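Peer 1: Handing you this structure, nothing more for now.
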């Protein structure tokens, strides 16, 4: 019987599923994709081989998850939502002992990434150029300010380019606000894959050309050896595993400012796969106990642009 792959928090992540299917074609040990979501009517269920009307993780015991995986012959799990990473990170070792491998970093690494103040402190102590982050506005250098939630990733509830008085008022609407100086420049996304040994297998930089609601709608790959080297060193220093993504601002003087790290496959990360960062194939191969060759990352010589758009799919009923 062939192994199955569980994609949790499936939602409408059709591009991710299509990218994963291409990886499965390279590994005959795997048969198909099971999509899991708490919403039985999610769009993604029409694009996977089987669907699991999955309980909320707050009610799903680890024993129940293991039982489901064993019954369905699930060898690998790919979490896709920020809010579920802590759950999987907590049980990562136990699941591995049960023959179930999860593409998630350690509990400590995940916590460091989703606590913006802790992330800044950790990077600063190691000498990396993180954007200054503080719980008090007076600790931020004078100028325009960014206000965001301390915990979590992405741009939810973010206030950009605010005057200090505006920032103070904006912060009243957040649960755990933190303040950062507003830095204008060019925002880059950096995708990496870290092996089970904690070593970077490959790295791709993407320029976010059009961003809507915090996600890239038009993205192009670029070569930036200095930024690639920085993110590789940082990812390894943080002890990350699997596919991870950094957001980095490059200011007018060419200086780097690391904004955050999202330790999962991102919405536009499929573009990095298209130029050679074959994260899903590498993860599934490692789940089988197979080492990755030293030349696993073969980057495309041509750069590529990704345009994300809505599309219709008409089925017979």
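The values are calculated or read from the model by the stated rules, or taken from the named source; none is laboratory data. Since this is a predicted model, take the numbers as computed values, not measurements. Neighbour counts are summed over all protein chains in view; Cβ atoms, including those assigned to glycine, are modelled from backbone coordinates with ideal geometry.
Residue-by-condition table, conditions (1) surrounded by 13 or more Cβ atoms within 10 Å (Cβ to Cβ); (2) outside the structural domain of residue 272 (by TED's automatic domain parsing); (3) free of Cβ contacts under 8 Å to residues at least 60 places away in the same chain:
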site	(1), (2), (3)
143	no, yes, yes
148	yes, yes, yes
166	yes, yes, yes
195	yes, no, no
204	yes, no, no
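Peer 1: Hey, another quick one. Taking the stretch 283-317 on its own, how many of its residues are in a loop (DSSP other than H, G, I, E, B), within 14 Å of residue 273 (Cα to Cα) and at pLDDT 95 or above?
Peer 2: Count: 8.
Peer 1: Checking the structure you have, find out if any residue of the stretch 200-218 is touching a helix residue (DSSP H, G or I) at 6+ places or on another chain (Cβ under 9 Å) and modelled with pLDDT under 95.
Peer 2: Taking every residue of the stretch 200-218 in turn, at least one turns out to be touching a helix residue (DSSP H, G or I) at 6+ places or on another chain (Cβ under 9 Å) and modelled with pLDDT under 95.
Peer 1: Please specify each residue of the stretch 23-59 satisfying the condition of being touching a residue at least 60 places away in the same chain (Cβ under 8 Å) and under 22 Å from residue 312 (Cβ atoms).
Peer 2: Passing the criteria: only 46.
Peer 1: Hey, can you tell me all the residues within the stretch 209-227 that are within 19 Å of the chain's Cα centre (by Cα) and crowded, with 18+ Cβ neighbours inside 10 Å?
Peer 2: Within the stretch 209-227, 216, 219, 221, 227 qualify.
Peer 1: When you scan the stretch 228-241, how many residues do you find that are farther than 25 Å from residue 298 by Cβ and either surrounded by fewer than 18 Cβ atoms within 10 Å (Cβ to Cβ) or not assigned by TED's automatic domain parsing to the domain that holds residue 274 (or both)?
Peer 2: 2
Peer 1: In addition: Does at least one position in the stretch 254-262 carry a residue that is out of contact with any helix residue (DSSP H, G or I) (no Cβ under 6 Å at 6 or more places or on another chain), within 15 Å of residue 103 (Cα to Cα) and in contact (Cβ under 8 Å) with a residue 12 or more places away in the chain?
Peer 2: yes
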